[in-house]
Structures are given as structure tokens and as C-alpha cells.
1. Using all Cα-Cα distances in the range A:82-207, what percent lands in each 5 angstrom bin from 0 up to the longest?
2. What is the ratio of the Cα radius of gyration of the protein assembly as shown to 2.2 N^0.38 Å, with N the residue count, to two decimals?
3. When a/c is below 1.5 the answer is rounded, else prolate if a/b is larger than b/c, else oblate, so apply that to chain B with a ≥ b ≥ c taken from the square roots of the Cα gyration tensor eigenvalues.
4. Could you tell me the distance between the Cα centroids of the range B:285-300 and the range A:250-324, to the nearest Å?
5. Out of the DSSP beta bridges found with both residues in chain B, what percent are antiparallel (nearest 5)?
6. What's the long-distance tail for the range A:9-76, i.e. % of Cα pairs beyond 13 Å?
7. Using bins 10 angstrom wide from zero, how does P(r) for the range A:276-324 break down, in % of all Cα pairs?
8. Within 10 Å of each residue's Cβ, count the other Cβ atoms and sort B:189, A:190, A:310 from fewest upward.
């Protein structure tokens with residue numbers, strides 16, 4: 001029996017992951033006995049055959065994690081974070097949540113004494129600066145945002161606490177997720193969902209970069225599958241480094257718009273406006289947009305086949321007029 | 001006028017650096033106005049033309065750094081650390097001093113508002129695991145000790161706070177320093193000085209690894225020159241990554257002993273005993289011993305020409321019968 005914790009359980013990935021876990025009823029072949037969602041805003045509880053608890057709490061508060069772990073967890077998905085734009089605008093907030101919050105969680109997981117699996121949502125924002133334009137596995141992390149720095153610090157701590165046997169960590173560097181449901185957020189990449197999501201639902205959306213801007217992206221369905229897969233890979237297969245670049249796709253904004261048009265016709269594209277944003281552009285231009293994630297592919301993580309799939313999946317899963 | 005702080009000012013590098021600064025009277029062409037040494041044990045004050053203060057304080061205590069910075073510093077050498085063997089034996093101690101102590105110092109430097117130069121003593125222990133056997137610049141840091149992990153976290157924070165303009169950081173990954181003066185310490189590499197230093201002074205010393213064990217090393221004189229050089233390199237020359245591998249030399253224990261014999265004759269070698277140590281060996285075997293530090297050489301950092309030089313410099317600078 002497996003007891004699961006999701007931090008950031010109220011976010012869109014946390015919500016989709018909890019729904020997927022409730023549908024599956026098991027993870028890595030073990031039946032799920034319970035699921036706890038924690039977030040700073042009360043997470044919605046999905047329909048489930050097993051007990052699901054939703055807690056409103058801030059993991060960056062020193063008392064939160066020790067209290068959470070009164071019953072130990074077997075698998076922890078650590079998704080809670082201050083996103084890129086917000087961590088860049090407010091350095092102290094990013095440090096508090098992304099570094100101290102992560103430390104609090106990892107320390108509580110260590111103190112539990114059962115060496116739980118910890119699946120850590122890192123980000124391709126750990127890459128940049130002096131790295132090669134096309135990023136292979138194994139290059140020095142040289143983030144050019146505070147968010148990327150803070151995620152990279154979490155990776156090092158995850159690795160070291162796994163080496164010590166305190167936890168069984170697995171860190172996944174998420175590509176930009178597109179098409180994300182919900183509303184625009186403070187992620188610098190928020191527009192990479194907005195310029196599709198809003199027009200697909202009849203609303204205008206601004207693109208703050210040019211049509212030739214290329215991004216490394218993945219679909220929500222792929223991310224959920226890969227997060228769940230991370231719990232099934234034997235620890236030894238990760239080798240000395242528990243953190244890896246997930247598969248994704250490189251497409252330009254123009255190519256992604258063409259894929260949308262191919263699936264749903266030309267109307268949505270007309271709702272996109274093109275005003276450059278001097279805050280967003282330098283952040284996203286500092287990210288790498290082309291990767292060779294060989295280790296992840298060797299370990300069985302999935303790649304997206306086309307952005308057209310992402311458009312279709314958005315219509316099926318997240319469009320406000322989706323089939324019931 | 002330049003006001004300087006050295007954390008770990010009571011350690012052997014801190015002491016040699018403070019003596020060198022007092023002799024030079026200036027750094028990067030600017031006269032030194034004052035020098036503050038801080039350590040957990042009262043640092044010795046060298047003879048000096050300018051004011052030198054020695055403070056006994058623990059930078060991992062939250063109140064220490066804000067109090068230290070009541071007068072701002074222009075150049076900070078951050079040498080204070082829990083060394084490799086101790087950080088591996090006591091995880092919490094290493095985290096407290098090496099991560100939280102560094103964070104306290106960097107936050108105080110940021111709060112000072114003058115974006116001081118911060119020269120950070122990192123270590124080749126950040127390397128290991130999945131990295132290539134011969135380490136070029138730019139590989140993913142994959143430390144296999146808690147000390148290496150904690151040093152790598154400091155590098156990321158130094159880079160990000162430099163990118164934000166809060167500090168002007170420069171991180172140097174020190175090779176193992178040999179021949180270090182003083183007594184054996186809790187560094188796993190302590191023996192790499194002890195097996196020369198003790199026999200050169202007529203005492204026995206044990207080598208816990210075999211004669212074919214190879215290490216990446218540098219002499220104290222070279223380290224002091226490189227720490228001072230780090231303050232003179234224009235910030236822009238560091239590029240996106242403020243942290244680099246320092247030059248060093250690869251030699252086996254047998255080659256280093258032969259160099260010692262070449263300089264002082266065969267007597268000292270007879271005082272070396274050869275008992276393997278099951279705690280030391282796995283730690284030092286996890287370190288890389290061959291590097292290609294191209295960036296450091298491009299930026300004018302010095303390399304050692306021979307271990308025979310290190311032996312001669314030990315006799316001149318640190319032997320208990322050294323010339324007055």
C-alpha cells in the first residue's frame with residue numbers, strides 16, 4: 001500500500017496528477033492507500049476510491065512539513081514552487097519557497113526514516129549561460145534566472161540526500177508545458193499556453209515574443225505520464241545523478257500556431273496580438289530551446305510526437321466546452 | 001581604499017592570505033585600508049601597516065554576518081567551511097555552516113548595498129559521479145560528498161546574486177592543497193599534506209591509500225596568488241559563470257614522494273606507513289584527479305610547475321626549522 005503526498009497539489013499539474021492517480025488506483029504496481037494534497041490555496045479533491053486529504057499550508061513555514069509527515073509517505077511529488085517570473089521579480093520570495101521550502105520538505109522526508117521516493121519538479125530553466133546551444137545530458141547547470149538557480153540547488157540537495165540514503169530522489173527537468181489549462185500566471189512562459197488556450201476559447205491573447213521564438217515544450221498529458229513513470233524506474237537506473245532533462249519538442253511559435261490551425265482551422269490565430277514585452281523577452285531568451293535528453297529516453301520517459309496532439313488533448317481535457 | 005574581510009581567517013589559507021595582503025599593502029592596485037579576519041577560533045593578527053581586526057564568531061549564527069557588515073567591505077574572501085570528512089560524518093553540521101553560513105554571508109553582502117567582490121573558495125569536490133574521467137570546463141557538477149554538494153550550492157547562489165548585481169562573485173574550485181602547514185585536520189585529503197609534512201619534520205605519517213593513488217593538487221603559494229588574482233580579473237571576463245576550476249597538477253602519491261626525495265634525500269620517505277583506511281578511500285576515490293581548466297588559464301590564474309617546488313616552498317615557508 002502506497003501513501004502519496006503532492007506539494008503544489010492545487011496547481012494545474014498537481015490537480016491533473018491527483019486525478020490520474022485516483023483513476024489509476026495504484027502506482028508502480030502498488031495500490032494507493034491515501035493521497036494528501038497540500039498547497040497555499042485549498043486544493044480541489046478529485047473523485048477517488050481511497051482517502052484524499054487537502055491541506056492549505058505553506059511548506060516554507062518551518063512548522064508545516066514536520067506536521068504533514070506525522071504519517072509517513074511512500075511517494076512524494078514535490079511540485080510546489082514560486083514560478084519563474086515571480087521568483088525573478090521577488091528574489092526573497094523565490095529563495096524562501098523554492099530553497100527553504102524544498103529544504104523543509106526534504107528534511108521532513110529524511111526525518112520520517114523510511115527513505116521515501118521524492119519526485120522533484122525541476123525545470124529546463126536550470127540551463128543557460130555558457131552551455132551549448134543544443135543541450136546534451138551532463139552539462140554544467142548555468143541558470144540565468146533566480147528560479148533556475150533555486151531549482152538547481154534543489155537538484156543538488158536531492159542528489160546528496162539520495163546518495164546518503166535519506167530519500168530516494170528523482171528530479172525531472174520539465175520543459176515548458178503547453179497547452180496549460182486555467183488562467184495566465186506569473187511564469188515567464190505563461191504566454192506559451194495563453195496564445196493557444198485563450199484563442200481556442202474565443203478570447204484574445206498577446207504574444208510577447210516574435211513568431212520565430214523557439215521553445216522546448218511538452219503537453220500536460222505527457223508530463224503526468226512522466227511524473228508517474230518516475231516512481232516506477234528502479235533507483236539504480238538513475239546512476240550517480242538523480243536529475244535529468246525530460247524529453248520535449250522544439251518548435252517555434254509560428255510552427256505551433258500552424259499546428260493549431262491544422263487541428264481547428266484559421267479562426268483562433270486571428271485572436272493573437274503581437275506586442276513585445278521587455279520584461280518577458282530577456283527571461284525566455286535566456287532559456288535553452290533544444291535538448292538531447294538521452295538518459296531520460298533510455299529510462300523510458302515519453303516524448304511528444306507533435307504540437308497538434310497537444311491542441312487535440314487541450315480540446316478533449318481542458319477546453320471549457322469539452323465533452324462531459 | 002579597500003576594506004577586506006576574510007571568513008575562515010584563522011585557517012591556514014586565511015592566515016597565509018592575510019600575511020600576503022599585509023605584505024602587499026594593496027589589492028588590484030588599490031591600497032588596503034583595513035582587514036577583518038573572522039573564524040570560530042580567534043585568528044592570529046599578522047604584522048601590518050593598516051588596521052587588522054580579528055573576530056571570533058560563527059557565520060552560521062544568524063546574528064553574526066549583519067553585525068560584521070556594520071562597516072561595508074569592498075572585497076570578501078569566503079574561506080570558512082566545514083571540511084570534507086567532517087561534512088560527510090555530520091550532515092547537519094555541514095549544511096549549517098557550508099550552506100546556511102554561506103547564505104548568511106551572501107545576504108549580508110547584498111544588504112550592504114555596495115555589490116562587494118566576493119571570492120568564494122569552492123572545491124574540486126563538486127566534481128564526480130557521471131562526469132568524464134578527465135574534467136573539462138562546463139560539465140554538470142555531480143558531487144559524491146556532502147561537502148561537494150554544499151560547495152556546489154554556494155556556487156549557484158554566488159552566480160545568481162552576481163547576475164542580479166547584488167555582489168560581484170568569483171568562485172574558485174581549489175585543488176587539494178599540498179603541502180599544507182599545521183596539523184592533520186578532518187579533511188579527507190588531510191593525508192595528502194601529512195605524508196610529506198610530518199616526515200619532512202622527522203615524524204611518522206600514515207598513507208591511507210596506495211602509492212598509485214593520483215590527485216589534483218596545488219601548493220599554498222599558488223593558491224594565495226590565485227585568490228589575490230581573482231580580485232583583479234574584470235567581472236565581465238568571467239562571463240555567465242563566475243565559478244571555475246583552478247589550475248593544478250595531477251601526480252600519484254609515488255610521484256610526489258619521488259619529488260620529495262629528489263629535493264631532500266631519502267630519509268623522509270622511510271617515515272611513511274601504508275595502512276589503507278576504509279573511510280578515507282571511498283571519499284577520495286570519488287574525486288576527479290585530472291582536469292583541463294582552460295577558462296582559468298585564459299583568465300590568468302597560475303599553475304604549479306612541479307611538486308618539487310611545493311616541497312622547497314614548504315621548507316622555506318612552513319618547516320618548523322625554516323629560516324627566520
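Just so it is clear, none of the values below were taken in a lab; they were calculated from the coordinates. On a predicted model such as this, the values are computed, not experimentally measured, just so you know. Note that each Cβ is placed from the backbone with ideal geometry, even for glycine, and that neighbours are counted across all protein chains shown.
1. Pair shares across the bins are 2, 11, 17, 18, 17, 15, 11, 6, 2, 1, 0.
2. Rounded to two decimals, the normalised Rg is 1.04.
3. Prolate.
4. If you average the Cα positions of each part, the centres end up 40 Å apart.
5. 15 percent
6. Every Cα pair in the range A:9-76 considered, those over 13 Å come to 64 percent.
7. Calculated P(r), rounded to whole percents: 19, 24, 36, 20, 0.
8. Values: B:189 25, A:190 21, A:310 28.
The most exposed by this proxy come first: A:190, B:189, A:310.
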